[in-house]
1. Collect the residues in the range 1-19 that are under 21 Å from Y54 (Cα atoms), small (G, A, S) and surrounded by 15 or more Cβ atoms within 10 Å (Cβ to Cβ), keeping them in residue-number order.
2. Can you name every residue in the range 22-56 that is part of a loop (DSSP other than H, G, I, E, B), at pLDDT below 90 and surrounded by 15 or more Cβ atoms within 10 Å (Cβ to Cβ)?
3. Tally the residues that are at pLDDT 70 or above and either within 11 Å of L87 (Cα to Cα) or not in a strand (DSSP E or B) (or both), restricting the search to the range 153-165.
4. Output the strands (runs of 3 or more DSSP E) that fall wholly within the range 92-152 and possess 1 or more residues being modelled with pLDDT of 80 or more, in contact with a His (Cβ under 7 Å, 6 or more places away or on another chain) and closer than 22 Å to D39 by Cβ, or say none.
Amino acid sequence: MTTYLWTGASNTDWSNPSNWNVVSGTNVTTATGVPGSADNVLIMSGNSLNQAGYTYNGDANAMNNAVKNMTPTLSGSTPVTVANVTLGGNGGPATLSTGSTPFTVTGTLQDPQNAGFKNAQGGSYSLQGTNIHLVHLALGTGGNVSYGTVSTPANVTVDWLSGAGQNDNGNNSALTVTRSR
């Protein structure tokens, strides 16, 4: 299992290896790749990765230049599956746009505060797409998750919803929770 950090260094294409860096412990390395079904994904907001307890090769300036506040976009019809996703945090928004690509998170989608990352704040994040399946959606305290846009509602299925954050479903999106704890 590998953890990948979205950098958006090249463009917004999810399947472009130049847009991802491999995380080793709390260090973001220069190794690149594309997350697969057994991998974890970090999509942080803005340039605040160091506030969540990570460093980019030990160089804060390199980290600030590498992490972009760009929305990763999935395109095509090949299903994408990842193990866990940490999205947003540090008070800023982060968005994942899946379009019509079937997107599955087999573990948990959460914000950094709920994941227990150092100094992380509850973040706002958004899921945009028509075919999103989450096994566990964990809402962090002070966080907010929204679905879709007014013009493009999302279709999200969640097996297990937990946490103290806000669940904002005001965009005519279909959010189906099959069970909650």
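1. Hits for the range 1-19 are G8, A9.
2. M44, S45, G46, N47, S48, Y54, listed by residue number.
3. Result for the range 153-165: 2.
4. Passing ranges, in order: 103-110.
The values are calculated or read from the model by the stated rules, or taken from the named source; none is laboratory data. Fair warning: this is a prediction, and the values are worked out from it, not measured in the lab. Using ideal geometry, Cβ is built from the backbone for each residue, glycine included, and neighbour counts are taken over all protein chains shown.
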